[in-house]
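Note sheet for the following structure.
The values are calculated or read from the model by the stated rules, or taken from the named source; none is laboratory data. Just so you know, these numbers come straight off a predicted model, no measurement behind them. Reconstructed Cβ throughout: ideal geometry from the backbone, glycine too, with neighbour counts over all protein chains shown. The area values use the complete protein model at the heavy-atom level, side chains included, leaving out ligands, DNA and RNA. Shrake-Rupley method; radii C 1.70, N 1.55, O 1.52, S 1.80 Å.
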Amino acid sequence: MSKPSSSLDRLKAQRVLLLACEAIGWLHMAGKAHPDFLRQHGGQKNGYKPKEWAKALVPGWNSTLAWLPRYSIATWPGSLSDFLSQFDQGESKSSVVGLLQAAHAMASGIEKNHPSGTTKYLGQDATHMWLTTAFGHPVRNLLEDPPKVLQDGGWDELLAKVAGLLQALQNLGGNDAATSVDAWHAWRRALVGNNGWLRQAFSETLAETRIPNNDVTLWDQSYVAAALFKSAVAGALLEGNSFNWNQNLRQNTRWRVLTIGLGTAHYEARAVRIGDWSGARREIDRFFDTVCKLVEVELAVGSLLYRDDEVLAFSFPGLPVDEKDPEGEREPIREVLQERVDRLAKGLDTPPVVWLSDSTRSMIRMAREVEGARRTLRVPLHRPWKVPADENAQGGHTCPVCGFRPNGSSGSAREKKGTPCELCRERRRGRLQDWLSGKAEGDSIWISEVADRNDRVALLTLNLGLGDWLDGTAVDSLRAQSVGEWAEMNTTASNRLPADSHDLADWIRTAMGTGNQATQARSQIEKKLALGLKGADWQSFYDLMVQDRADAPTWSDLDGHENRRAQWLAHQLFRKNAAPGRVRRFWETTEDFFSELLVQFREIASQDSNHWRVRRLILTAKDGSWKENETYRGRWGARDAAAPLELLYHQSGFITITNLARVLGPADDPSALCGKELEVVDDEGTRRVLTIDQVTEAQAPLGTYHPLLVLDRSPARFRLLVPLSAVDECMRLAVEKWEAEFARVWDRMPLRAGVVGFSRKLPYQAVVEAARNVEDDLARSERETWQVSDARTLDGWTELSLVRPDGEHQLVTVPTTLPDGRPDVFYPYCAVKGGRTRESHDFVAPRHDPTSHRDRQTYRWVPELRPGDGIRVAPSRIARVFLDSTARRFEFVTVRHLDDWRTAQEIWRLIRKTAPSLTAARALEALLLEKQEAWAFPADAADPDAWLDFVRASLVNLWSVRGAVLDTLVEAARRRILQETLAWHLHVLKQDTEI
């Protein structure tokens, strides 16, 4: 291989070829987007041939791409239509098609390892052709409720757009010398960007119709196959004449993962104002976008496989199976990439990280690379870095935001010390310009607009436990088939098949031996279970089924442990695979979950009986000169009840950037402000008097807004600011949505929620630090063992009564039936304590964790759980804190089970029905607090019976409560939920209306 820099430059010269191959990858399964594909597999035989879809293209596939073979890359297929007809053939082709076969096998073919006919029972009918999420939640019955692409006329529209895609590709490629990187980037973004039409169309339908592989969309498989195909072709170009086209490309092609990240936590922690973080986030997003443009278009060496708030992961060429992948060969390429990425990051204060993995056929390595990058990024300056300087600054105080550049101001005045440097100011201005131009999606960027009527705000942070799904660990709990159902559907009178996982492992162990019995067992496995075993030795088959798809020991690691080898094979043959398309679907599902919540949160935050809550005004001053894009703070109203009124001066007018519902009543006419005087203070502390001349309502895009502010939204985390008064309703929606969409994996996909309430004037740095402490406390939640006290299954649902380690009971309801009425033996499994199998659906997942004493984990189907079973649970939790001062962020945070929060909401509803008045509610809370302090120790812990007797008597005396309601409130007091609920609603939310 030539020098890395010249090799990568060679890719630039072949950009057209690589992007064209990527487009072929996107389209190679396009025939599956026709509704007849679903009908054919749903029992309505119609003779549809999905590989012949391009025959209807005008102009045709071959003629539109006829220009492509002029790019020399060894062997092209005899016909370009071979890409559409041979991509899934078992025999590897010694041409570029062979690389597409390899990519397709990793993205899609990995789901098809079973002999024809043995899995027909998994097919769906046309009446129930469901698309599900990656976690088993039904999304849509595609033929009964068809999306746009499957509706009448949808296919013709798609074909017309595909023809346009290919024509645009031909036009751009035919004049590549004059085609800029920006033009290619715009073409690609219009197709597969977040709002790309091809992405949207393919995301609406299935790549696989059989359950449970109906969790992966046509888009997921097509995009990942295209990414791997593009990188494989780039690898062949990098190898040049030394690339061996005669090898088994389908099986020998490997890839690497290119990981690029930036330590965003540093910028967040340094933010003095919310605008500092929003501005920095904007710059970081722009950096990530330019990195994607470099890798995906300029070099065209790979495609994005994962993105969150601080890490990007791309496909990248690897070395074939029979070639070594030494660090000395990998490092020069990484250094060249790092140098180019560093150029893009020169305006940032911290260095990016650039990692390149070993060559692999398993994309589960991506999760390890991402986590390794995160660990490195915890140290902001993890390697030498030239921090960008402000050349125009002439001394002055140190910038309070970045902490190292001078701000160019002098003097001892406090406002001078608080002035940021020019680079940090520019980040604030960039965020402001986006808002002024309407790029904020209707959301606010001003904390003064988010604050509720009590001038309070909540930082809400949500996280789903995605890590174990990305690295494949949690996928161990999902089944591609149930051993029992497979055996029942394929056993004959002369050949009985093993009916449970234990017998299956014994069967495979027998087949791995010698003699007639082994030969017969192997023959049956080839016919009924594993096509890949035919003609292969056991080690090669193990490498294919286990090593390529899991974090597992190698064949040689298990020398002398034939039972372990058989267990690994038995598990992998029936486990859902962590295929790249499915892994992508995991993080896209969580990202969609947060995006859909955001739409609902906007509605909640905007609910108010006063329409001025979500409107803005333009105030015109009678005279005076004002600073452009400067904020001015004032107060409006009587001195004792004056409400904050903040303004932004822009283009000869003041835009209100505050909650106007605190200034104007629902029926008030804003013209009444004309002629009034308002004392205002600018950012430097200068006081002035504003005389209002005219008042008009602001026009689009600034006329109305949603009173919330998104801080982060990625698969890893969702952070936003909402009015404190709306946070409980937002939490209710989040919990209900999580319970509905992740019910089948509730024990493996925890929802972790943090709420940090604060006054609008509290320093933003203290708020962020408190939020990070809350997130750290939530992340430390380890798996727990919960005991089953009762389990009942009725009408497709299993209700579990569980006892948590804290002794409290929790009720969990799990759907155990598919929409078409069949039992769901694929998703709802729990990890049980103890290694022995007991029930017919039990299975054992081997472990490859040198730090653990457990080398296996037994899973049990939820309907087969019994009282006394211990199940391993990743608990969903919530932590709430209110910062009435900056010192509160250092105090201990109480982390509760999410179910306790739900109980607290029910208790508050009960209080509102039961307490005679708000005064009575306050009296009870004061009495309980007074007695706890008077007794000078945790009364409920030292003498629980006496404490509960006191609570009971107080409820009877103050509220006249009796019966079951009294018992419920006393029980809530025992768990301290009653006290916390009263404190939260009376003091934090400032409940001031009669109960």
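The table that follows gives values for the structure above.
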item: For the stretch 516-528, Karplus couplings with θ = phi - 60° (6.51, -1.76, 1.60), whole Hz, Gly/Pro x; result: 4, 5, 5, 4, 5, 5, 4, 4, 5, 4, 5, 7, 10
item: Set of lysines near Lys93 by C-alpha distance (under 26 Å), chain-local residues within fewer than 8 positions excluded; result: Lys32, Lys49, Lys51, Lys55, Lys112, Lys230, Lys324, Lys527, Lys534
item: Selected from Ser781, Ser759, Ala734, residue furthest toward positive end of dipole (the stretch 730-787; charges at beta carbon); result: Ser759
item: Answer label, with Kirkwood radius over Cα pairs in Å calculated from the coordinates and candidates (1) 31.6; (2) 38.4; (3) 33.3; result: (1)
item: Crossing angle, helix 218-239 versus the chain [Cα axis fit, 0-90 degrees, rounded to tens]; result: 70 degrees
item: Relative contact order [Cα under 8 Å, 6+ residues apart], the stretch 440-533, whole percent; result: 12 percent
item: Kirkwood-based Rg to Rh ratio, the stretch 783-873, C-alpha trace; result: 0.99
item: For Asp693, distant residues with modelled amide H under 5 Å away; result: Thr620, Ala621, Lys622, Gly675
item: Whole-percent carbon and sulfur share, accessible surface of the chain, 1.4 Å; result: 47 percent
item: Cα-Cα P(r), the stretch 196-284, percent of pairs per 10 Å interval; result: 13, 23, 22, 26, 13, 3, 0
item: Net charge dipole size for the stretch 20-251 [Lys, Arg +1 and Asp, Glu -1 on Cβ; Debye, nearest 20]; result: 240 debye
item: Estimated Rh, the stretch 898-988: Kirkwood, alpha-carbon pairs, angstrom; result: 13.1 Å
item: Accessible area of Ser540 in the full protein assembly, 1.4 Å probe (Å², nearest 10); result: 60 Å²
item: Compactness index (Cα Rg / 2.2 N^0.38 Å), the stretch 20-251; result: 1.03
item: For the stretch 448-465 versus the stretch 744-788, the gap between their alpha-carbon centres in whole angstrom; result: 14 Å
item: 21 Å Cα-Cα threshold exceeded, pairs from Lys346/Lys627; Lys12/Lys439; Lys528/Lys576; result: Lys346/Lys627; Lys12/Lys439
item: Once exposed loop chymotrypsin sites (Phe, Trp or Tyr not before Pro) are cut out (DSSP; at most 13 other Cβ, 10 Å), longest piece of the chain; result: 405-891
item: Low-density loop cleavage sites - trypsin sites (Lys or Arg not before Pro) in the stretch 79-182, where at most 16 other Cβ are within 10 Å (DSSP); result: Lys112
item: Relative contact order of the stretch 1-97, pairs being alpha-carbon contacts under 8 Å that are 6 or more residues apart, as %; result: 23 percent
item: Surface accessible to a 1.4 Å probe, per residue, for the residues of the stretch 783-873, Å²; result: 48 Å²
item: Charge dipole of the chain about the Cα centre (unit charges at C-beta), most positive-ward option of Val965, Asn563, Trp245; result: Trp245
item: Hits among aspartates and glutamates - C-alpha to C-alpha of Lys148 under 12 Å, sequence gap 8 or more where chains match; result: Asp156, Glu157, Glu204
item: Selected from Ile333, Ala953, Ala458, residue furthest toward positive end of dipole (the chain; charges at beta carbon); result: Ile333
item: Low-density loop cleavage sites - trypsin sites (Lys or Arg not before Pro) in the stretch 852-919, where at most 15 other Cβ are within 10 Å (DSSP); result: Arg854
item: Under 5 Å, built H, 5+ apart or other chain: amide partners of Arg575; result: Ala480
item: For the stretch 615-692, convex hull of alpha carbons as volume per residue, Å³; result: 91 Å³
item: Assigned charges on the beta-carbon of Lys, Arg, Asp, Glu; the stretch 635-714 dipole about Cα centre (debye); result: 120 debye
item: Rel. contact order, % - alpha carbon contacts under 8 angstrom, at least six apart, the chain; result: 11 percent
item: For the stretch 44-52, Karplus couplings with θ = phi - 60° (6.51, -1.76, 1.60), whole Hz, Gly/Pro x; result: 9, 4, 9, x, 5, 10, x, 6, 9
item: Rounded to whole Hz, the Karplus (6.51, -1.76, 1.60) HN-Hα couplings of the stretch 473-489, x for glycine and proline; result: 4, 6, 5, 4, 7, 9, 10, 7, 8, 8, 4, x, 5, 4, 5, 4, 7
item: Helix-only [θ]222 nm of the chain, DSSP H runs n ≥ 4, -39500 (n - 2.57) each, per residue, nearest 500; result: -12000 deg cm²/dmol
